[in-house]
Amino acid sequence: MELAWYALLGLFFATYLVLGGYDYGVGLLLARGGTLAARRAALTAVGPFFLGNEVWLVAAVGILFGAFPTLEGELLSGLYPAVLGALAGVVLVTAGVQLRSRPHADSARAGWDRVIVAGSVLAALGWGAVLGGLLQGLPLAADGHVAGVGHLFTPFVAAVALATLALVAVQGATFLTLRLPAADTPSVARLARRLVPAALAAVATATLLGLLSDRVRAAVARPLIAVLLLSALVAALLVARTALGRGRAGVAFTATSAALALPVALIGAALWPRVLVSTVDPAASLTVADAAASGPTLSLLGWLALPLVPALLGFQAMCWWVFRGRTDGRAPVYW
């Protein structure tokens, strides 16, 4: 039962990173400048999705609170600067997108664009720091509590945060190749292809720093699985770049989505059966079984989740089906 809920938590958070990733990626791309009309077109492309995408974060947090109360307490206390930054970014992006559409002067709209860019950067860096902090391990003492937050300020965590930022930017640019009018697609596809090498370099830097980190090497219980999933991430980015060059936006978007979801799978599989690895006392590490709620509680939550999960999946599928075309009404080339 604990494994099923742990897998569901990972699935929901990975889905949020994939779907929220193109929200924040499009927000990042507003920093390129351009005309107000071009920036509005980019936001229009993501507009029907971004609030629905955040539902996956709410669902993941609900699972964390209900099914893993011990993990929730130590995770939020041990990584709260990263979590706070990420949530602040989510709020800024949501507020910026909503308020930009109000009647404003052009200078005010440009100001809200800067708010969206800042929020997108915060969200991407924050969630990346959470992933890096989990993989590096936390100073979990024998009393079961995390001491301090200095463990977040390491080169490895910073590198993972920057790698996540780069992956999010690629995801946003690739998403726009699906949604913008066909006349605008070639320039966005070229941008996405140029961003892929930057993402590969960021992933390689994070990997190198992880190999050099005693904490990371000690935390990873299954290095072979970690290597395989990391190789899959690199392969996904290469597939995306090739597909973008051939005008296959659907293949490229599928590949970049896989690249954003794979870090969550990597962390879950590499740390298993632990979920929080202690860097000060290995015996104090928190396992999935210890972090989970009691069996009756998980069973009750299962009955509650049984109708909600299909409803959430159905809503997401319906949203994508209704808004599956380009913003000019034409269908994109998926495959």
(request) Looking for whichever is open to solvent by 30 Å² or more (accessible area, probe 1.4 Å), farther than 27 Å from A252 by Cβ and touching a Leu at 6+ places or on another chain (Cβ under 7 Å) here; the options are A4, A88, A95, A67. Which one fits? (result) A88
(message) From the list L134, L64, exactly one residue is within 18 Å of R274 (Cα to Cα) and at pLDDT below 90. Which is it?
(response) L64
(request) Kindly check whether there is at least one residue in the range 138-146 that is at negative phi, in a helix (DSSP H, G or I) and either touching a residue at least 24 places away in the same chain (Cβ under 8 Å) or open to solvent by less than 30 Å² (accessible area, probe 1.4 Å) (or both). (result) no
(request) Name every residue in the range 7-46 that is surrounded by fewer than 19 Cβ atoms within 10 Å (Cβ to Cβ) and of a type outside the set (A, V, I, L, M), in order of residue number. (result) G10, R32, G33, G34, T35, R40, T44
(request) Taking only the range 150-201 into account, find how many residues are open to solvent by less than 20 Å² (accessible area, probe 1.4 Å) and either charged (D, E, K, R) or outside any helix (DSSP H, G or I) (or both). (result) 2
(message) Residue pairs, Cβ under 7 Å, 6 or more apart or interchain, first in the range 182-200 and under 10 Å from L244 (Cβ atoms), second open to solvent by 50 Å² or more (accessible area, probe 1.4 Å). List them.
(response) R193/R241; R193/G245; V196/R241
(message) Against the conditions (1) surrounded by fewer than 16 Cβ atoms within 10 Å (Cβ to Cβ); (2) in a helix (DSSP H, G or I), where does A221 fall short? Just the number, please.
(response) (2)
(message) Residues that are in contact with a Lys or Arg (Cβ under 8 Å, 6 or more places away or on another chain): list the helices (runs of 4 or more DSSP H) wholly contained in the range 1-113 that include at least 2 such residues.
(response) 36-46
(message) Name the single residue that is farthest from the chain's Cα centre (by Cα) among those in the range 210-219 being within 10 Å of Q136 (Cβ to Cβ) and among the aliphatic types (A, V, I, L, M).
(response) A218
(request) Could you please let me know if V239 is at pLDDT 95 or above, open to solvent by 40 Å² or more (accessible area, probe 1.4 Å) and either over 26 Å from V149 (Cβ atoms) or over 21 Å from the mean Cα position of the chain (by Cα) (or both)? (result) yes
(message) Filter the range 246-276 down to the residues that are crowded, with 23+ Cβ neighbours inside 10 Å and part of a loop (DSSP other than H, G, I, E, B) and list them by number.
(response) none
(request) Return only the number of the condition from (1) in a helix (DSSP H, G or I); (2) under 26 Å from V55 (Cβ atoms); (3) in contact with a Gly (Cβ under 9 Å, 6 or more places away or on another chain) that G302 does not satisfy. (result) (3)
(message) List the residue pairs whose Cβ atoms are under 6 Å apart, where the first residue sits in the range 204-216 and is open to solvent by less than 50 Å² (accessible area, probe 1.4 Å), the second is of a type in the set (V, I, T) and in a helix (DSSP H, G or I), and the two are 6 or more positions apart or on different chains.
(response) A206/V160; G210/V216
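The values are calculated or read from the model by the stated rules, or taken from the named source; none is laboratory data. If you're wondering where the values come from, they're calculated on a predicted model, not measured in any experiment. Cβ sites come from the backbone with ideal geometry, for glycine too, and all protein chains shown count toward neighbours. These accessible areas exclude ligands, DNA and RNA; they are computed on the full protein's heavy atoms, side chains included. Shrake-Rupley method; radii C 1.70, N 1.55, O 1.52, S 1.80 Å.
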